[in-house]
1. Test each condition in (1) modelled with pLDDT under 90; (2) farther than 24 Å from F190 by Cβ; (3) under 14 Å from the mean Cα position of the chain (by Cα) for L133 and report the one that comes out false.
2. Filtering region 211-247 down to residues that are in a loop (DSSP other than H, G, I, E, B) and farther than 20 Å from P117 by Cα, which residue is modelled with the lowest pLDDT?
3. Any chance region 96-103 includes a residue that's more than 15 Å from A156 (Cβ to Cβ), at pLDDT 90 or above and of a type in the set (D, E)?
Amino acid sequence: MKFSLFKAAIFIFVVLYLGIGSSSLLFGEEDIASDTMLMFVGEELYTISAASRREEAVRKAPAAVTVLGRKELKRYRTIAEALRAVPGFYVDHTGIKEEIYLRGVADSFLVMIDGVPLTNDSSNEDYPRGLDLSLDYIEKIEIVRGPGSALWGADAFSGVINIVTQRGRDLKGARISGKGGSYSSGGSNFTAGYQLGNVEFFLFGSFLETKDFEPNRSGNKRTKDSFREFYGKVTINDRLTISGRYS
């Protein structure tokens, strides 16, 4: 009798063990499936226009693309810091400005704001890469890795970066914000947007002052930098946009 009870106990233990193992396996598969679903749903939330000059889902873009939304951009202060986290980019701090490399070549890509080029090799114009470009009014950054000269010209030798600003119809009002940090650093932003019929208005202004210590032979030297930026645009019928930027 005792032997039969012992065998029955072993049998029940084995059944329970196998049942728990199978349940864990099934739950694991469900977790993986849900993670995969969330990943694809997240990709569908973003669209990109820099890959083929038309708005399309990221997954359908005919190139290696990355989109940094407002949620991701909150982690960074400058476009150089944001690009450092993107595959294929390398940022080198030279002391004067950041050198940004894409696939091993420095400054070989086209940078645009709302589809308007900021770089031009023929005129030796440079694009903002530090605190002279605020990320507070940026909706997303579209990044295309790979040759884009056929669509965007010779400046897009190794890729395209399109900085997309916020829309006036999404703001419907104005807001003022401030920031502060160590060494008496601080600044303020002003953002306003509105839609009147088929016309959208957007305006942004920023002032930032930073103070730091720069090492030299005689010790640490106190440095002070000020940055001002203004950006405005008017969009008519979602077809015509007139914009301007000063920094």
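The values are calculated or read from the model by the stated rules, or taken from the named source; none is laboratory data. Predicted model only: the values in this text are computed from it and were never measured. Cβ sites come from the backbone with ideal geometry, for glycine too, and all protein chains shown count toward neighbours.
1. Checking L133 against (1) modelled with pLDDT under 90; (2) farther than 24 Å from F190 by Cβ; (3) under 14 Å from the mean Cα position of the chain (by Cα), the one that fails is (2).
2. So the residue we want is R217.
3. No; the residues of region 96-103 include none that is more than 15 Å from A156 (Cβ to Cβ), at pLDDT 90 or above and of a type in the set (D, E).
Results for (1) modelled with pLDDT of 90 or more; (2) among the hydroxyl-bearing types (S, T, Y); (3) farther than 20 Å from M112 by Cβ, shown as yes or no for each residue.
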site: E43; (1), (2), (3): no, no, yes
site: A51; (1), (2), (3): no, no, no
site: R59; (1), (2), (3): no, no, yes
site: A64; (1), (2), (3): no, no, no
site: Y76; (1), (2), (3): yes, yes, no
site: A82; (1), (2), (3): yes, no, no
site: D92; (1), (2), (3): no, no, yes
